[in-house]
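Structure first, commentary second.
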């Protein structure tokens, strides 16, 4: 995936998952995940929106950024998305900037300290 390779080139550790179910399994296995970047429409038993809700319930310190190019999805998300959203086509540097801002947020870093 070109986006994953781009994030790696920026110095991020990237774990790829093909489905939301696979992403949930990775998180349940104990991987320390700071940010999840997911498409709204994913194969499997849940899509990106359901994954975002699941993550916020089970891993509240993990941030989620969603993306989609589907016009209907875009309109629905614009009317009240509670998570950051990047529409397709997107600039990978724009997404990397969102991730950098999340990781640099002092309030977030304070909440993760023991």
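All but one of (1) closer than 19 Å to residue 100 by Cβ; (2) touching a helix residue (DSSP H, G or I) at 6+ places or on another chain (Cβ under 7 Å); (3) not in a helix (DSSP H, G or I) hold for residue 16; which doesn't?
That leaves (1) as the condition not met.
Name the single residue that is nearest to the chain's Cα centre (by Cα) among those in the range 51-80 being modelled with pLDDT under 90 and surrounded by 15 or more Cβ atoms within 10 Å (Cβ to Cβ).
Per the stated criteria, the residue is 68.
Are there any pairs with C-beta distances below 7 angstrom linking a residue in the range 23-44 that is at negative phi and touching a residue at least 60 places away in the same chain (Cβ under 8 Å) to a residue that is loosely packed, with under 15 Cβ neighbours inside 10 Å and in a loop (DSSP other than H, G, I, E, B), with the two at least 6 apart or on different chains, and if so which?
Once the first residue is at negative phi and touching a residue at least 60 places away in the same chain (Cβ under 8 Å) and sits in the range 23-44, no partner that is loosely packed, with under 15 Cβ neighbours inside 10 Å and in a loop (DSSP other than H, G, I, E, B) comes close enough.
Please work out which residue is surrounded by the fewest Cβ atoms within 10 Å (Cβ to Cβ), limiting yourself to the range 29-41 and to residues that are touching a helix residue (DSSP H, G or I) at 6+ places or on another chain (Cβ under 8 Å) and under 21 Å from residue 13 (Cβ atoms).
Among them, the one singled out is 34.
The values are calculated or read from the model by the stated rules, or taken from the named source; none is laboratory data. Fair warning: this is a prediction, and the values are worked out from it, not measured in the lab. Note that we place each Cβ from the backbone using ideal geometry, even for glycine, and neighbour counts take in every protein chain shown.
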